[in-house]
1. Of the residues that make up segment 68-83, is at least one farther than 28 Å from Ser219 by Cα and either assigned to a helix (DSSP H, G or I) or of a type in the set (A, V, I, L, M) (or both)?
2. Any residue in segment 19-34 that is more than 16 Å from the chain's Cα centre (by Cα), among the charged types (D, E, K, R) and surrounded by 14 or more Cβ atoms within 10 Å (Cβ to Cβ)?
3. So which residues in segment 176-219 are of a type in the set (Val, Ile, Thr) and assigned to a loop (DSSP other than H, G, I, E, B), if there are any at all?
4. Go through segment 183-220 and count every residue that is charged (D, E, K, R), touching a residue at least 12 places away in the same chain (Cβ under 8 Å) and open to solvent by 30 Å² or more (accessible area, probe 1.4 Å).
5. Quick one: what pairs do we get from segment 110-134, first residue without any contact (Cβ under 8 Å) to a residue 40 or more places away in the chain, second open to solvent by 10 Å² or more (accessible area, probe 1.4 Å), C-beta under 9 Å, 6+ apart or different chains?
6. In the set Leu120, Leu141, Leu153, which member is crowded, with 19+ Cβ neighbours inside 10 Å, at pLDDT 95 or above and either on the phi > 0 side of the Ramachandran plot or assigned to a loop (DSSP other than H, G, I, E, B) (or both)?
7. Collect the residues in segment 92-116 that are surrounded by 13 or more Cβ atoms within 10 Å (Cβ to Cβ) and among the aliphatic types (A, V, I, L, M), keeping them in residue-number order.
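The values are calculated or read from the model by the stated rules, or taken from the named source; none is laboratory data. Just so it is clear, the model here is predicted, and its values are computed rather than measured. Reconstructed Cβ throughout: ideal geometry from the backbone, glycine too, with neighbour counts over all protein chains shown. What goes into the accessible areas is simple: the full protein's heavy atoms, side chains included, and nothing from ligands, DNA or RNA. Shrake-Rupley method; radii C 1.70, N 1.55, O 1.52, S 1.80 Å.
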Amino acid sequence: MRSDPGPLVSVVVPCYRGARHLATAVESVLAQSLTDFELVVIDDASPDDTVALMAGYSDCRVRFLRNSTRLGAAGNWNRCLLEATGTYLKLLPQDDVLAPDCLERQVAVFRTDTAKRLALVGSARRIVDDQGTQIAIRRPLGSQAAVFPARMLMRRCIRRGTNLIGEPGGVLFRRALANEVGVFNGRFPYVLDLEYWARLLERGDLYYLPEPLVAFRVSA
């Protein structure tokens, strides 16, 4: 058990065969304007150069773990939840990239939420290709910062048949709330993140930032 209060934010990176883009993701976390974080990278027994790549990082905020056998996506995401120690938690896919002020902007929203009415803070995102070239900017909830009530937001997702909240890299949530709702549900692999957002939203609303604070990579 930790004797210190732990970091403000845990950024946890589940990876499998992620060596090609992992360094870019890691560097985007280390470049954050908010510096009170831990970065936990958990490799799911990849047969690539991930171990050698992570051995090159000496920053004391970086922790690298490797599963002895493959857990699969849901299993590895759940180990990420287990290993996180921060007040706030972000699950960052291995090939996505945070804007330098992502953590600072999202934590600032939670700090103003003294009544703890918010379950999630999300943002718009850039869509980039394999080389990091921008393809588009997605603002699925508009161009204004706003609170979206949970029931109304989930109704919109269902009616439009899509995840309007966004991929994990764009979302920040309280670890205490994650402890309440439990783990990711592996029975729903194609909506693994959205199903989890729905459970978190049973306990609060979403605050949406229209600035693209994460880049979501689309590649082969």
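1. Here is the first cut: in segment 68-83, the residues farther than 28 Å from Ser219 by Cα are 82-83.
Right, trim to either assigned to a helix (DSSP H, G or I) or of a type in the set (A, V, I, L, M) (or both) and you get 82-83.
Yes, the conditions are met somewhere in segment 68-83.
2. For segment 19-34, residues more than 16 Å from the chain's Cα centre (by Cα), among the charged types (D, E, K, R) and surrounded by 14 or more Cβ atoms within 10 Å (Cβ to Cβ): present.
3. First, pick out the residues of segment 176-219 that are of a type in the set (Val, Ile, Thr): 181, 183, 191, 214, 218.
Selection gives Val183, Val218.
4. Filtering segment 183-220 down to residues charged (D, E, K, R) leaves 187, 193, 195, 199, 202-203, 205, 211, 217.
Applying the additional criterion that residues be touching a residue at least 12 places away in the same chain (Cβ under 8 Å) yields 193, 199, 202-203, 205, 211, 217.
This time we only want the ones that are open to solvent by 30 Å² or more (accessible area, probe 1.4 Å), so: 199, 202-203, 205, 211.
Qualifying residue count, segment 183-220: 5.
5. Within 9 Å, the pairs are Gln131/Ser219.
6. Working: Leu120 fails: either on the phi > 0 side of the Ramachandran plot or assigned to a loop (DSSP other than H, G, I, E, B) (or both); Leu153 fails: either on the phi > 0 side of the Ramachandran plot or assigned to a loop (DSSP other than H, G, I, E, B) (or both).
It is Leu141.
7. Within segment 92-116, Leu92, Val97, Leu98, Ala99, Leu103, Val107, Ala108, Val109 meet the criteria.
The rows are residues; the columns are (1) under 18 Å from Asp96 (Cα atoms); (2) part of a loop (DSSP other than H, G, I, E, B); (3) of a type in the set (A, V, I, L, M, F, W, C).
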| residue | (1), (2), (3) |
| --- | --- |
| Pro5 | no, yes, no |
| Arg20 | yes, no, no |
| Thr24 | yes, no, no |
| Gln32 | yes, yes, no |
| Val40 | yes, no, yes |
| Asp48 | no, yes, no |
| Val51 | no, no, yes |
| Gly56 | no, yes, no |
